Amino acid sequence: MSIFGCNNRSDCTGIAIVASIIIGIIAAFLRITGVITIAPVFLWVVFGIAVVYLAITLIAASIVQNSGVRGCICPILAVLLTGILGAVLTSLVLLAISFATTSIIGAIIVGALLAFFSLILTTTACLVKCILRCSDAD
C-alpha cells in the first residue's frame, strides 16, 4: 500500500508526513536545548484531542463508508490512525515518566509527540481534501 498516492506522484499525505517529521525534529532540538518545556496540562490536552479524534474518525468512517471515495481514504486513514495512536502513546509515556529538561530520551519523545500531533492535523486536512474529491491539479 502506497501512502504517496496514485500514478507515482506525491500527494498531500506524503507532504504531511515530511512536514510532521520536520516539526518533530525541531521540537526535539528545542526541548534538548531547554527552549521549550512541556507542561502536564499540554500532555493531557494532546491525549484528549487524540482520543476524541479516534472517536470522530470511527463515526466519520461509518458515514463515509458508502460514499464512493474509499480508494483515497484508506491510505490517508492509515496515516491518521498512526498519528492518533502515536500521540496517545507518547503523551501517556510523558505523563508517566518525568524526564529532565535536557534529557536526550525525553527530547526524542517530545519530538515524537509533536510529530504525531502535527501528523493528526495535517492528515485531517488531507482527509477533507480527499472526501471533497479535490485533486492537486485544481
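The values are calculated or read from the model by the stated rules, or taken from the named source; none is laboratory data. Values in this document were obtained by computation on a predicted structure and should not be read as measured data. In this analysis, Cβ positions are derived from the backbone assuming ideal geometry, glycine residues included, and neighbour counts consider all displayed protein chains. The area values use the complete protein model at the heavy-atom level, side chains included, leaving out ligands, DNA and RNA. Shrake-Rupley method; radii C 1.70, N 1.55, O 1.52, S 1.80 Å.
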Tilt relative to the chain, helix 12-32 - C-alpha long axis, 0 to 90 degrees, to 10: 0 degrees
Cα convex hull of the chain - mean projected area over all directions, nm²: 8.9 nm²
Probe 1.4 Å, protein heavy atoms only - accessible area per residue of the chain in square angstrom: 58 Å²
Gap separating the Cα centres of the stretch 112-128 and the stretch 11-48, nearest whole Å: 10 Å
At R0 = 41 Å, FRET efficiency that the Cβ-Cβ distance of Val35 and Asn66 yields, to 0.05: 0.25
Kirkwood-based Rg to Rh ratio, the stretch 26-91, C-alpha trace: 1.14
Among 79-86, 97-104, the order from most to least packed when residues are scored by Cβ within 10 Å on average: 79-86, 97-104
Cut-off 14 Å, label 7 Å out along Cα→Cβ of Thr101, residues of the stretch 17-31 by amide N: 30-31
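Using only helices, what value at 222 nm comes out for the chain when you add -39,500 (n - 2.57) per DSSP H run of length 4 or more and divide by the total residues, to the nearest 500 deg cm²/dmol? It would help to have the intermediate numbers written out before the result.
Values: 4 runs with 101 residues, N = 138.
Mean residue ellipticity, 222 nm, calculated: -26000 deg cm²/dmol.
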